[in-house]
Amino acid sequence: MHEHCHCGHAHADEPSARNKYEAAFARHEMPYTDEEIHAAAARLIAENRARYDTPETLRRLLSTIELTTLTVTDSDESVLGLVDKVNRFADAHPDLPHLATICVYPNFAETVSQNLEADGVRVACVSGGFPSSQTFIEVKTVETALAVKDGAEEIDMVLSVGKFLSGDYETCADEIAEIKASAGVAPLKVILETGALATAGQIHRAAVLSMYAGADFIKTSTGKISVAATPEAAYVMCRAIRQYFEQTGRRVGFKAAGGIRTVAEAVDFYTIVAELLGEDWLKEGLFRIGTSSLLGKLCTAVLDGEEHPF
């Protein structure tokens, strides 16, 4: 039997691989029903959000934003327009926190990287057959490598949800590890597509599997199915991240994405992260919000109605 690699997942030639994942799940138990999770998330927000609904938090939320365009109509011109807005905003407001990333399809990585001038803003790309993850692993790894070659500094991939729901945990973990290797030093975010996972228990297992396979962030959703980021999913994922950190000492980030359109919703997710994970996650850039529509509203709130390009 071969030893495990550093990322913690089992390899194909190891016997009883499924049992190894079941053992990992058992070490990260989530002894709560869906109803209890719903109530706990609602209670956490109700009891704590007032402390975070402040101008300081709104400014801080700017630094969590991954400004995203992932549409069938994206073009070099439209992506360049988005980059120009980010550049102009950074020039006009050097006193405000910079955005986290601009997130695009891999074929636009070069367009963004060659034209992005805003200090601190990184280039992120979805990869690996986004949004369904239904393609060959060879395609996923090559697409990732090409994105990084063209300037992608962070990679967002989708968990193979069909295989996960079928109990093929080994393939899911191996794919994450292979895409992470193709990404090199670029942080890897694994999208769980929580709206396709029927229970809180499944979300928790997907989070644990992804972290042990090497994910640097776990992310709620692609935004391409009807149920996207929810407080309940965030609550489960952040609890899993905290438990994983306590057992391994490794901090994994959390990204909420999909359907987050209001400042109030952003504050809700901030509250969950602040309460369950704490200041270390917030100050180290380990909390992100992926959005195409929230930034304009957030800028309006932070700038008190002043004009801005978003």
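The values are calculated or read from the model by the stated rules, or taken from the named source; none is laboratory data. None of the values given here were measured: they were computed from a predicted structure. Every residue, glycine as well, gets a Cβ built from its backbone with ideal geometry; the counts of neighbours run over all protein chains shown. What goes into the accessible areas is simple: the full protein's heavy atoms, side chains included, and nothing from ligands, DNA or RNA. Shrake-Rupley method; radii C 1.70, N 1.55, O 1.52, S 1.80 Å.
Conditions tested, residue by residue: (1) open to solvent by 30 Å² or more (accessible area, probe 1.4 Å); (2) at pLDDT 95 or above; (3) part of a helix (DSSP H, G or I).
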residue: E14; (1), (2), (3): no, no, no
residue: F25; (1), (2), (3): no, no, yes
residue: E35; (1), (2), (3): yes, yes, yes
residue: R49; (1), (2), (3): yes, yes, yes
residue: T71; (1), (2), (3): yes, yes, no
residue: V79; (1), (2), (3): no, yes, yes
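A single member of G223, G162 is at pLDDT 95 or above, in contact with a Pro (Cβ under 9 Å, 6 or more places away or on another chain) and either within 14 Å of F25 (Cα to Cα) or not β-branched (V, I, T) (or both), and it is G223.
Considering segment 182-198, the residues that are surrounded by fewer than 24 Cβ atoms within 10 Å (Cβ to Cβ) and modelled with pLDDT of 95 or more include one that is nearest to T144 (Cα to Cα), namely S182.
One residue stands out among those in segment 117-151 that are open to solvent by 10 Å² or more (accessible area, probe 1.4 Å) and under 18 Å from the mean Cα position of the chain (by Cα): the one that is nearest to A90 (Cα to Cα), which is V121. Can you confirm whether L295 is hydrophobic (A, V, I, L, M, F, W, C), assigned to a helix (DSSP H, G or I) and surrounded by 21 or more Cβ atoms within 10 Å (Cβ to Cβ)? Criteria met by L295.
For segment 87-106, a tally of residues being in a helix (DSSP H, G or I), without any contact (Cβ under 8 Å) to a residue 40 or more places away in the chain and surrounded by 15 or more Cβ atoms within 10 Å (Cβ to Cβ) returns 2.
Of the set (1) free of Cβ contacts under 8 Å to residues at least 40 places away in the same chain; (2) under 14 Å from the mean Cα position of the chain (by Cα); (3) surrounded by fewer than 22 Cβ atoms within 10 Å (Cβ to Cβ), all apply to V273 but (3).
Does S113 satisfy the condition of being closer than 15 Å to S292 by Cα and not in a strand (DSSP E or B)? Show your work before the answer.
Working: closer than 15 Å to S292 by Cα: no; not in a strand (DSSP E or B): yes.
So S113 does not fit the description; no.
Against the criterion of being over 22 Å from F89 (Cβ atoms), among the small types (G, A, S), surrounded by 15 or more Cβ atoms within 10 Å (Cβ to Cβ) and over 15 Å from the mean Cα position of the chain (by Cα), A233 does not qualify.
For segment 167-180, taking the residues that are of a type in the set (A, V, I, L, M) and closer than 12 Å to M157 by Cβ, the one that is most open to solvent (accessible area, probe 1.4 Å) is identified as A177.
So which residues in segment 139-172 are touching a residue at least 60 places away in the same chain (Cβ under 8 Å) and charged (D, E, K, R)?
D156, E170
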